[in-house]
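Reading through the structure tokens given below for one structure.
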Amino acid sequence: MKMATTIFNTPLLSWLLRRISTFALALTGWKFVGSLPDIPKYVLIAAPHTSNWDFVMMLLTAFDRNVNVSWMGKDTLFRKPFGGLFRWCGGIPIDRSKSNGVVGEMARSFAKSERLILIIAPEGTRGKVGQWKTGFYHIAKTAGVPIVPGFLDFGRKLIGFGPIFTPGEQIETDITTLQAYYAGKVGINIHKTSPLNGERRD
């Protein structure tokens, strides 16, 4: 399946939004650390997730880095009259009522796509949580694609990307390794930033 036309690759508009995003990030003092890999398919995890502003920052980052990202949403969001708009913004509808589940649906999406960068917030909510949801991990493992850790550190105004991570056989060990990358990084609402690997944030 060829890459769908989205807001991230629409001719002229994406070019204009890229210029605006680059200017906005520079004006507000944000800097980048690391880079996204030049590979066609992977799961990009985004943490910490503490505010709706994270979505705005995700859009600015995607435009600035010139990357076409996708995200999952409940299938009910993609009904008329806004279904086409959400798809154009990179949304992929997910039917949670099907027996195959989200993991199976997304694995098939990866299989039939030439390029797919799926962004997922492993915390699953803007609130403080005790542990990550592991859906992102199972999607990557089932689809046979790597995981790339991405972060927004509002404390230091850094947007970063870590090294490619390939899921192994021990999910607990893998999750611990991935979480270690996020040590010391805080969201816009610091009190909602989830503690990881024994960190204490009261």
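Some values worked out for this structure:
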read-out	value
Residue within the range 146-165 that is crowded, with 18+ Cβ neighbours inside 10 Å, free of Cβ contacts under 8 Å to residues at least 40 places away in the same chain and over 24 Å from Phe55 (Cβ atoms) present	no
Flag for Ile39 being exposed (fewer than 15 other Cβ atoms within 10 Å of the Cβ), of a type outside the set (Lys, Arg) and either touching a helix residue (DSSP H, G or I) at 6+ places or on another chain (Cβ under 9 Å) or within 16 Å of Leu116 (Cβ to Cβ) (or both)	yes
Pair list, Cβ < 9 Å and 6+ apart or interchain, from the range 65-78 residues that are in contact (Cβ under 8 Å) with a residue 24 or more places away in the chain to residues that are part of a helix (DSSP H, G or I) and among the charged types (D, E, K, R)	Arg65/Arg18; Asn66/Arg18; Met72/Glu105
Members of the range 42-59 found to be modelled with pLDDT of 95 or more and either surrounded by fewer than 21 Cβ atoms within 10 Å (Cβ to Cβ) or of a type in the set (Phe, Trp, Tyr) (or both), listed by number	Tyr42
Scan of the range 30-49 for residues that are within 25 Å of Val103 (Cα to Cα) and either part of a loop (DSSP other than H, G, I, E, B) or without any contact (Cβ under 8 Å) to a residue 40 or more places away in the chain (or both), ordered by number	Leu36, Pro37, Asp38, Ile39, Pro40, Pro48, His49
Residues (closer than 19 Å to Ser14 by Cα and either touching a His at 6+ places or on another chain (Cβ under 6 Å) or part of a strand (DSSP E or B) (or both)) located in the range 64-118	Val69, Ser70, Trp71, Gly91, Leu116, Ile117, Leu118
Qualifying residues in the range 6-26 (those that are in contact (Cβ under 8 Å) with a residue 40 or more places away in the chain and of a type in the set (A, V, I, L, M, F, W, C)) - the one nearest to Lys157 (Cα to Cα)	Leu25
Filter result (under 22 Å from Ser109 (Cβ atoms) and either in contact with a helix residue (DSSP H, G or I) (Cβ under 6 Å, 6 or more places away or on another chain) or in contact (Cβ under 8 Å) with a residue 24 or more places away in the chain (or both)) within the range 50-60	Met58, Leu59
Exclusive hit being among the aromatic types (Phe, Trp, Tyr) and farther than 18 Å from Ile139 by Cβ, set Phe110, Phe23	Phe23
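Listed here are the residues, each with its yes/no results for (1) within 14 Å of Ala47 (Cα to Cα); (2) at pLDDT below 90.
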| position | (1), (2) |
| --- | --- |
| Ser97 | no, yes |
| Glu114 | no, no |
| Ile117 | no, no |
| Ala143 | no, no |
| Phe151 | yes, no |
| Arg156 | no, no |
| Gly160 | yes, no |
| Pro163 | no, no |
| Thr193 | yes, yes |
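The values are calculated or read from the model by the stated rules, or taken from the named source; none is laboratory data. Treat the numbers as computed from the prediction; the structure is a model and nothing was measured. Cβ atoms come from the backbone with ideal geometry, glycine included; neighbour counts cover every protein chain shown.
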